[in-house]
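**Q** Can you keep this structure in mind? I'll have questions shortly.
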Amino acid sequence: MNFIKFLGTAGARVVVTKQLRASGGIWLNLDGTNILIDPGPGTLVKCFSSKPKLNPTDLEGIILTHKHLDHSNDINIMIEAMTEGGFKKKGKVFAPSDALNQDPVILKYVREYVEKVEILKEGGEYSIGNIKFTTPIKHVHSVETYGLIIYGSKIKISLIADTLYFTGLEKYYKGEILILNTVRLEPKQDLKYDIQHLTIPDAKKIISFIKPKLAILTHFGMTLLRAKPWEIAKQLSTELGINIISANDGMQINLSEFI
Ligand SMILES: [Zn+2]
């Protein structure tokens, strides 16, 4: 199969709490292994309303890039669903230490349902089924956050999770498919409040350095949604000569086209 399915494309509080876009995270099927990344609010519902439906018992692992609710709200119920209500011990869960230790978002009794809970660290290397992935660098975000490089047998997928842009960020995320959580249209003037996200100018800089076969913008905040992300993606694509699209809820990318 080999596909990426976007069960949600909402980013930040307003778009998520008003459900202007869904917030179910990303389902990845690669080399026969199914994993779920950042199960925000509504993930379980989106799995079953998806066409064809996605069965959580097919999952072998769940990754949280960080503990903010738009990424973690459904983590407990998805662990329960993956393990058939906790009756079948299986799978792995990965999360930064602050999602497990301080003010944890993963309930302790649910942790017993999985085979292993692993803590994400800078420079970490991990595996789930046939997939390997790394967390190359700690992001600049208000809670501990990591992006992912996912290694399939024939393709490398990079996911840059929430972060403020920092010098050299793009050097860590080479890949044929690049997914960017691009919340903001442009940098915010008020430096006090919630600026720790990538903007469209940041995305442009990163994509032009990495030159992926496909770049996907997702995790949209209000300013970006109002500016029509599909038009921005089209314009960036023309400017850079790189295939760039904006994700829609329920969008599925067939990876065999890029292998
Ligand atoms: Zn966040």
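**Q** In nm, what is the difference between 0.36 nm times the number of residues separating L69 and W230 and their Cα-Cα distance?
**A** Numbers: separation 161, 0.36 × 161 = 57.96 nm, distance 2.54 nm.
Result: 55.4 nm gained on full extension.
**Q** Of P56, I200, S158, which is farthest on the positive side of the dipole of the chain, counting Cα position, with +1 on Lys and Arg Cβ, -1 on Asp and Glu Cβ, and the Cα centre as origin?
**A** About the Cα centre, the residue reaching furthest to the positive side is I200.
**Q** Where does each of 99-110, 4-15 land if you order them by average Cβ count within 10 Å, highest first? Walk me through the numbers before you get to the answer.
**A** Details: 99-110: 14.5, 4-15: 23.2.
Most protected by this proxy first, the peptides run 4-15, 99-110.
**Q** Can you tell me the 0 to 90 degree angle between the C-alpha axis of helix 200-210 and the longest principal axis of the chain, rounded to 10?
**A** Compared with the principal axis, the helix lies near 80 degrees.
**Q** Report the charge-dipole magnitude of the chain in Debye, nearest 20, computed about the Cα centre from +1 at each Lys and Arg Cβ and -1 at each Asp and Glu Cβ.
**A** On the way: 32 positive and 27 negative charges, 71 e Å.
Rounded to the nearest 20 debye, it is 340 debye.
**Q** So, R0 is 22 Å and r is the distance between the beta-carbons of S97 and K18; what FRET efficiency does that work out to, to 0.05?
**A** Numbers: r = 31 Å, r/R0 = 1.42.
Computed FRET efficiency for S97 and K18 comes out at 0.10.
**Q** Just to confirm, what accessible area per residue do you get for the chain at 1.4 Å probe, in whole Å²?
**A** Values: 11370 Å² over 259 residues.
Per-residue accessible area for the chain comes out at 44 Å².
**Q** Could the peptides 126-139, 224-237, 146-159 be put in order, highest first, of the mean number of other beta-carbon atoms found within 10 Å of their residues?
**A** 146-159, 126-139, 224-237
**Q** Once both labels are modelled 7 Å past Cα along the beta-carbon direction, what's the K154-I77 spacing in nm?
**A** 3.7
**Q** Sticking with this structure for a sec: For Cα pairs less than 8 Å apart in space and 6+ apart in sequence, what is the mean separation divided by the residue count of the chain, i.e. the relative contact order in percent?
**A** On the way: 633 pairs, mean separation 46.6, N = 259.
Computed over the chain, the figure is 18 percent.
**Q** So if I place +1 on the C-beta of Lys and Arg and -1 on the C-beta of Asp and Glu, and nothing else carries charge, what would the dipole magnitude of the stretch 130-175 be about its Cα centre? I want it in debye, nearest 20.
**A** Working: 6 positive and 3 negative charges, 62 e Å.
I would put it at about 300 debye.
**Q** Determine which lysines satisfy two conditions relative to K92: a Cα distance under 16 Å, and not lying fewer than 8 residues away in the same chain.
**A** K108, K116, K121, K132
**Q** Next question, about the same structure. If the chain between V140 and E257 were fully stretched, how many nm would it gain, using 0.36 nm times the residue separation less the Cα-Cα distance?
**A** Contour length minus Cα-Cα distance gives 38.8 nm.
**Q** Would you be so kind as to identify which of G40, Q102, Q19 lies farthest towards the positive end of the dipole of the chain, taking Lys and Arg as +1 and Asp and Glu as -1 on Cβ and the Cα centre as origin?
**A** So the residue we want is Q19.
The values are calculated or read from the model by the stated rules, or taken from the named source; none is laboratory data. These numbers were taken from a predicted model, which means no experiment stands behind them. Counting neighbours? That spans all protein chains shown, and the Cβs are built from the backbone with ideal geometry, glycine included. Accessible surface areas use protein heavy atoms only, side chains included; no ligands, DNA or RNA. Shrake-Rupley method; radii C 1.70, N 1.55, O 1.52, S 1.80 Å.
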